[in-house]
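Since the structure comes first, as structure tokens, the remarks are kept for the end.
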Amino acid sequence: MEVTRLSAETAGLDEVDGVALAAFEHPQFSIREELSRPWTRCWMVRRGGEALAFLIAWHVADEVHVLNVATAPAARRQGCARALMTEVLAYAREHQVRILLLEVRRSNVPAIGLYRGLGFHTLSVRKGYYSDNGEDAVEMILALDPATGAMLPGRDEVSIA
Ligand SMILES: CC(C)(COP(=O)(O)OP(=O)(O)OC[C@H]1O[C@@H](n2cnc3c(N)ncnc32)[C@H](O)[C@@H]1OP(=O)(O)O)[C@@H](O)C(=O)NCCC(=O)NCCS
């Protein structure tokens, strides 16, 4: 498995949109459009040349906002998303980032499991955040010491059980 950082010049960007199409019913972005923003950071996972997963984040000031992470259905539970999140965490440490943030659908047990496993905690619940089905979003956070990159201790601010 190989994790690579994407730029607008990376070959095979269409494959990332292919993974998004396979992973989401209605992907609401295109990777080329995302990469046109100076603050966007993207990575993808390939195995044997085939695109399996991708992650899109925004780096603004000392915060990284993870917007999207997805793995093609046939490649799930093989560590692709964890590899991508580990990469974004390494990036954050390298760039003295203070917090990583993300929103996830309350019902998304796999994704919440992924984020919790990496040290994220719940910060708040945004009622009816997703316009397609009115589902709540759970905002999750992971704080780093920008000087050392060490993960700062946190706790769940809201229960989503
Ligand atoms: C969530 C998602 C990205 C996980 O990708 P993945 O590559 O299968 O995840 P990994 O194999 O790296 O799993 C890492 C950890 O996440 C958790 N996890 C992943 N899938 C899970 C599942 N189906 N049920 C419970 N926990 C799960 C586990 O803790 C897992 O660790 P483990 O396998 O050692 O138990 C994938 O299911 C997906 O693409 N879903 C659709 C898109 C989406 O919802 N993205 C997130 C919101 S933006």
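The values are calculated or read from the model by the stated rules, or taken from the named source; none is laboratory data. Note that the coordinates shown come from a computational prediction; the quantities given were computed from them, not determined experimentally. Cβ atoms come from the backbone with ideal geometry, glycine included; neighbour counts cover every protein chain shown. Side chains are part of the model used for accessible areas, which takes the heavy atoms of the whole protein and leaves out ligands, DNA and RNA. Shrake-Rupley method; radii C 1.70, N 1.55, O 1.52, S 1.80 Å.
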Do you know which of the residues in the range 77-108 that are open to solvent by 40 Å² or more (accessible area, probe 1.4 Å) and not charged (D, E, K, R) is farthest from the ligand (Cβ to nearest atom)? Q96
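Return yes when V158 is β-branched (V, I, T) and in a loop (DSSP other than H, G, I, E, B) and no when it is not. Talk me through it step by step, then tell me what you get.
Working: β-branched (V, I, T): yes; in a loop (DSSP other than H, G, I, E, B): yes.
In short, yes.
Criterion first (within 8 Å of the ligand (Cβ to nearest atom) and out of contact with any helix residue (DSSP H, G or I) (no Cβ under 9 Å at 6 or more places or on another chain)) does A23 satisfy it? Working first, answer last.
Numbers: within 8 Å of the ligand (Cβ to nearest atom): yes; out of contact with any helix residue (DSSP H, G or I) (no Cβ under 9 Å at 6 or more places or on another chain): no.
Here the answer is no, as A23 does not meet what is asked.
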Could you tell me which residue of the range 7-24 is surrounded by the most Cβ atoms within 10 Å (Cβ to Cβ), considering only residues that are over 11 Å from A51 (Cα atoms) and at pLDDT 90 or above? A23
Sort out which residues of the range 111-129 are more than 15 Å from the chain's Cα centre (by Cα) and open to solvent by 70 Å² or more (accessible area, probe 1.4 Å), and write them in order of number. R126, K127, Y129
One residue is enough: does the range 130-145 have a residue meeting the conditions more than 16 Å from the ligand (Cβ to nearest atom), at positive phi and open to solvent by 40 Å² or more (accessible area, probe 1.4 Å)? yes
Filter pass, A111 being under 21 Å from L6 (Cα atoms), hydrophobic (A, V, I, L, M, F, W, C) and within 13 Å of the ligand (Cβ to nearest atom): no
So which of A74, A57 is within 13 Å of the ligand (Cβ to nearest atom), open to solvent by 70 Å² or more (accessible area, probe 1.4 Å) and of a type outside the set (D, E, K, R)? A74
